[in-house]
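Enquirer: Below: one structure in structure tokens.
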Amino acid sequence: MAAAVQWVSDQIITRGGDPARIYLMGHSTGAAHVADYVSRTELHKVKAGGLAGAILVSGIYDMPATSVSDYRVYYGADPARYAEQSSLPGLLATTIPLMTVAAELDPAGFMQQFDMLKRASCERASGCMRAVMLPQHNHMSEVYSINTADARLGNEIVDFTKTGK
């Protein structure tokens, strides 16, 4: 993630873009990777993470609190290390604007992580992050809906990138 953000930051001007307008979005495991990058400043190769914002769609952010076992592949089999590997503390401390999304029909573990992150974010000095619940969608259809007639998620993303909140 850090190398990708650095590359985009280095290349964006030559391609007509604005380095102050870089947003990073991830879904499911991708959301966990984006959350890890945002939450760990030691990974940042670009000042302040190089991001104008990050969008986390149905991810896992607090390893000790998750019932989603597939993430053990990324974080290992030692539950004693899960707290230190969780991105939640860094997400609550970051100044990078965040948006979190879940689908109404996401598996229970993802819903629990969404609710936990949404509630915890309201304790931040910067206040509650944008939290979007997509009705009538499941874990995959939420991102498949982008750029279709169902513009709900796409509209939320556009508004977030325009307002930064």
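The values are calculated or read from the model by the stated rules, or taken from the named source; none is laboratory data. Here the structure is a predicted model, which means the values were calculated and not measured. Because the Cβ atoms are built from the backbone with ideal geometry, glycine has one as well, and the counts that use them run over all protein chains shown. The protein model used for the area step is the full one, side chains on, heavy atoms only, and it has no ligands, DNA or RNA in it. Shrake-Rupley method; radii C 1.70, N 1.55, O 1.52, S 1.80 Å.
Enquirer: Using the heavy atoms of the protein chains alone and a 1.4 angstrom probe, what is the accessible area of the chain per residue in square angstrom? Each step should come with its number before you reach the end.
Expert: Numbers: 8330 Å² over 165 residues.
Counting only protein heavy atoms, the per-residue value for the chain is 50 Å².
Enquirer: While we're here: Given Thr148, Cys128, Asn138, which one lies farthest toward the positive end of the charge dipole of the range 110-165, if we put +1 on the Cβ of every Lys and Arg and -1 on the Cβ of every Asp and Glu?
Expert: Cys128
Enquirer: Once amide H atoms are placed 1.01 Å from N in the peptide plane, what residues at a sequence separation of 5 or more from Arg130, or on another chain, have their amide H within under 5 Å of its amide H?
Expert: Leu98, Thr100
Enquirer: When the helix-only estimate is applied to the chain (DSSP H runs of n ≥ 4, each -39,500 (n - 2.57), divided by the residue count), what is the mean residue ellipticity at 222 nm, nearest 500 deg cm²/dmol?
Expert: Numbers: 8 runs with 65 residues, N = 165.
Helices in the chain give a 222 nm mean residue ellipticity of -10500 deg cm²/dmol.
Enquirer: Same structure, new question: Highest mean first, how do 55-62, 128-135, 26-33 rank when packing is the count of other Cβ atoms within 10 Å averaged over residues?
Expert: Working: 55-62: 26.0, 128-135: 17.8, 26-33: 20.2.
For the peptides 55-62, 128-135, 26-33, the packing ranking is 55-62, 26-33, 128-135.
Enquirer: So if I place +1 on the C-beta of Lys and Arg and -1 on the C-beta of Asp and Glu, and nothing else carries charge, what would the dipole magnitude of the chain be about its Cα centre? I want it in debye, nearest 20.
Expert: Details: 14 positive and 16 negative charges, 98 e Å.
Computed about the Cα centre, the dipole is about 460 debye.
Enquirer: Provide the net charge surrounding Ser39, with neighbours chosen by a C-beta distance below 13 Å and charges set as Lys +1, Arg +1, Asp -1, Glu -1. Mind dumping the intermediate values first?
Expert: Working: positive: Arg40, Arg124; negative: Asp36, Glu42, Asp62, Glu84.
Taking every other residue near Ser39 into account, the sum is -2.
Enquirer: Once the Cα gyration tensor of the chain is diagonalised, what are the square roots of 5 times its eigenvalues, in whole Å and ordered largest first, as equivalent ellipsoid semi-axes? Walk me through the numbers before you get to the answer.
Expert: Numbers: eigenvalues 110, 86, 44 Å².
Computed over the chain, the values are 23, 21, 15 Å.
Enquirer: With each pseudo-label sitting 7 Å past Cα toward Cβ, what's the Ala151-Thr29 distance in nm, one decimal?
Expert: Distance between the two pseudo-spin positions: 3.3 nm.
Enquirer: For Ala125 and Ala65, calculate 0.36 nm times their separation in residues minus their Cα-Cα distance, and state this gained length in nm to one decimal. Present the calculation step by step, with values, prior to reporting the outcome.
Expert: Values: separation 60, 0.36 × 60 = 21.60 nm, distance 2.33 nm.
Net length gain for the segment: 19.3 nm.
Enquirer: Order Glu156, Glu104, Glu42 by their accessible area, 1.4 angstrom probe, all chains in place, largest first.
Expert: Numbers: Glu156 60, Glu104 95, Glu42 135 Å².
Greatest to least solvent exposure: Glu42, Glu104, Glu156.
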